[in-house]
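Some notes on the structure that comes next.
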Amino acid sequence: MNYFRYINAVSAARKASPIRELTALLQRSPPTTISLATGMPNPNMFPFETADFTIKGGLKISFSRDTMNRALQYSASNGIPELISWLKDLQKRIHNPPTVSYSPEQGQMDLCITNGSQEGLSKLFEMLISPGDTVLLDTPTYPGTLFALQPLGCKILSIASDQHGLIPQSLSDILSKWKPDDAKNPASGIPRVLYTIPNGGNPTGASMPADRKREVYQIARKYDLLIIEDDPYYFLQFEKPWIPSFLSLDVDGRVIRTDSFSKILSSGLRIGFITGPKPLIERVILHIQVSTMHVSTFTQLMVAQLLQQWGQDGFLKHVDSVVQFYVKQRDAMQSSAERWLKDEVDWHVPNAGMFFWMKLKRIPDTYQLISEKALQKGVLFVPGRAFMLDSSTPSSYIRATFSISTHEQIDQGLQRLATLIKEDV
Ligand code: PMP
């Protein structure tokens, strides 16, 4: 893979900050090293001394004075070493990416920690997209992606999707305007980046089966596309075996995957990670060096200590218990939807994630119904427009979330929606 084909001029111009590199070096050096180098403040002057966290299930995490000093201090831009190595091992176990054994030039797998997957996504877009580029994605999609991409001045081509995610034929049809050889000609305008949410899509709840992923991967090979696999709902898959990821199919080193702990450990701790070819991950780290500098050392240490105590099996056991909860929530929304909405609304039952994507059959645009009347009735959904390329496009859909409401609230909410629909049509 020629990774320079994908990065834009801003990213190509980034250089390593010598001070940040020194911080990373210091993190790896023996404790006997005397550093008169970096501009670190003296942590003994910080007011926080120790901390104890009680973990559900009886575990305890304790930050001694030394650990606390480390937690309050600057750290390397790619993440703290113990968290990186834990997560690399997890990726190997779960996805077994072919790229693990490649050389860095071939696109060997690398990983860095980000402030949630959102930071990873926005840094990837800012690395890859130049004004005038064409980007491929399936709509409706996550507004956090649309609003990160659109100001970069790119043209977005929308691939059709259904309850199984993006439709490979639609991707092929869109790309048939170009010849595969156009990938060698920068003036051809051929897209270089494909973005998709493969599990429990936000807002559609759609999950892409393995055979579709294989088809999409083959199309990406034909047209030399990079695939951004935005997968924050991977660990909220309701059925086993979990569907193989794009990363697990990646024989070329053309997949960058964004993962998130937001749905299973905490959304406020802001821990995500990106996994992909080393030459691209390195560019993201250069950007982190001069923006956020690194994810909070404190939260990284908290999460690393928890994961080390749990081990991989303990982590996966925790994921299973989270899934069990969300399955019950999903089932509650499904039975309430059956009770109240059957005649007026179409939906597919999601196999992952937190969302039902509901089509209000007799309402051509849900915007006013939701933004004005629903609020008066004491219920809230997101109108479908919010997930369209152009948010002024009418949409007969709404997104309903089943994550935080009780079963009774879900039932009442959908009953209120049924009343609203009746009053509106
Ligand atoms: N991608 C998708 C599809 C999402 O739905 C979200 C959050 N809801 C994110 C990325 C960002 O999540 P976070 O930054 O908390 O990991």
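The values are calculated or read from the model by the stated rules, or taken from the named source; none is laboratory data. Computed from a predicted structure; not experimentally measured. Note that each Cβ is placed from the backbone with ideal geometry, even for glycine, and that neighbours are counted across all protein chains shown. We work out accessible area using only protein heavy atoms, side chains counted, and drop any ligands, DNA or RNA first. Shrake-Rupley method; radii C 1.70, N 1.55, O 1.52, S 1.80 Å.
Scanning segment 270-285 for residues that are in a helix (DSSP H, G or I) and open to solvent by less than 20 Å² (accessible area, probe 1.4 Å), we see that the one that is nearest to the ligand (Cβ to nearest atom) is Val284.
Filtering segment 94-136 to residues that are out of contact with any Lys or Arg (no Cβ under 8 Å at 6 or more places or on another chain), away from the ligand (no atom under 11 Å from the Cβ) and of a type in the set (A, V, I, L, M) leaves Ile94, Ile113, Leu124, Ile129, Leu136.
Close contacts from segment 259-271, counting a first residue that is farther than 18 Å from Trp86 by Cα and a second that is more than 7 Å from the ligand (Cβ to nearest atom) and at pLDDT 95 or above, with Cβ to Cβ under 6 Å and a gap of 6+ residues or different chains, come to Lys263/Leu236.
The single condition from (1) in a helix (DSSP H, G or I); (2) open to solvent by less than 20 Å² (accessible area, probe 1.4 Å); (3) within 13 Å of Ile274 (Cβ to Cβ) that Ile113 fails is (1). For segment 80-110, a tally of residues being free of Cβ contacts under 8 Å to residues at least 40 places away in the same chain and part of a loop (DSSP other than H, G, I, E, B) returns 1. Here Asp365 meets each of (1) surrounded by fewer than 16 Cβ atoms within 10 Å (Cβ to Cβ); (2) modelled with pLDDT of 95 or more with one exception, condition (1). Being open to solvent by less than 10 Å² (accessible area, probe 1.4 Å) and within 24 Å of the chain's Cα centre (by Cα) is a property that does not hold for Met354.
Whenever a residue of segment 177-206 is more than 21 Å from Ser130 (Cβ to Cβ), its partners that are part of a helix (DSSP H, G or I) and at pLDDT 95 or above, lying with C-beta atoms within less than 6 angstrom and at least six residues away or across chains, give the pairs Pro180/Lys222; Asn199/Tyr234; Gly200/Leu236; Pro203/Phe387.
Here is a check on your reading of the model: is Asp211 over 21 Å from Val303 (Cβ atoms), more than 12 Å from the ligand (Cβ to nearest atom), in contact (Cβ under 8 Å) with a residue 24 or more places away in the chain and surrounded by fewer than 24 Cβ atoms within 10 Å (Cβ to Cβ)? Considered against the rule, which asks whether it is over 21 Å from Val303 (Cβ atoms), more than 12 Å from the ligand (Cβ to nearest atom), in contact (Cβ under 8 Å) with a residue 24 or more places away in the chain and surrounded by fewer than 24 Cβ atoms within 10 Å (Cβ to Cβ), Asp211 comes out as no. Just the residues that are among the hydroxyl-bearing types (Ser, Thr, Tyr) and assigned to a loop (DSSP other than H, G, I, E, B), please, taken from segment 286-302. Ser291, Thr292, Ser296, listed by residue number. Only one entry of Val216, Val135 meets the criterion of being part of a helix (DSSP H, G or I), more than 14 Å from the chain's Cα centre (by Cα), β-branched (Val, Ile, Thr) and surrounded by 18 or more Cβ atoms within 10 Å (Cβ to Cβ), and that entry is Val216. Examine segment 81-102 for a residue that is at pLDDT 95 or above and under 28 Å from Lys155 (Cα atoms), and state whether such a residue exists. Among the residues of segment 81-102, not one is at pLDDT 95 or above and under 28 Å from Lys155 (Cα atoms), which makes the answer no. Is it fair to say Pro18 is without any contact (Cβ under 8 Å) to a residue 24 or more places away in the chain and either farther than 29 Å from Ser130 by Cβ or out of contact with any Lys or Arg (no Cβ under 6 Å at 6 or more places or on another chain) (or both)? Yes, satisfied.
With respect to being more than 30 Å from Asp313 (Cα to Cα) and modelled with pLDDT of 95 or more, Phe48 fits the description. Of all residue pairs spaced 6 or more apart or on separate chains, those with beta-carbon atoms under 6 Å, a first member in segment 118-132 that is open to solvent by 10 Å² or more (accessible area, probe 1.4 Å) and a second member that is within 12 Å of the ligand (Cβ to nearest atom) and part of a helix (DSSP H, G or I) are Gln118/Gly144; Ser122/Ala148.
No other residue among Asp162, Asp182 is of a type in the set (D, E, K, R), modelled with pLDDT of 95 or more and in contact with a helix residue (DSSP H, G or I) (Cβ under 8 Å, 6 or more places away or on another chain) apart from Asp182. Any chance segment 72-81 includes a residue that's open to solvent by 50 Å² or more (accessible area, probe 1.4 Å) and either closer than 30 Å to His348 by Cβ or within 16 Å of the ligand (Cβ to nearest atom) (or both)? No, that holds for no residue. Taking the criterion of being within 16 Å of the ligand (Cβ to nearest atom), open to solvent by 50 Å² or more (accessible area, probe 1.4 Å) and part of a loop (DSSP other than H, G, I, E, B), the only residue of segment 138-171 that qualifies is Tyr142. Considering every residue within segment 172-195, establish whether at least one is within 24 Å of Phe356 (Cα to Cα) and either of a type outside the set (S, T, N, Q) or away from the ligand (no atom under 16 Å from the Cβ) (or both). Yes: segment 172-195 contains one or more residues that are within 24 Å of Phe356 (Cα to Cα) and either of a type outside the set (S, T, N, Q) or away from the ligand (no atom under 16 Å from the Cβ) (or both). Taking the criterion of being open to solvent by less than 10 Å² (accessible area, probe 1.4 Å), assigned to a loop (DSSP other than H, G, I, E, B) and within 9 Å of the ligand (Cβ to nearest atom), the only residue of segment 253-269 that qualifies is Phe261.
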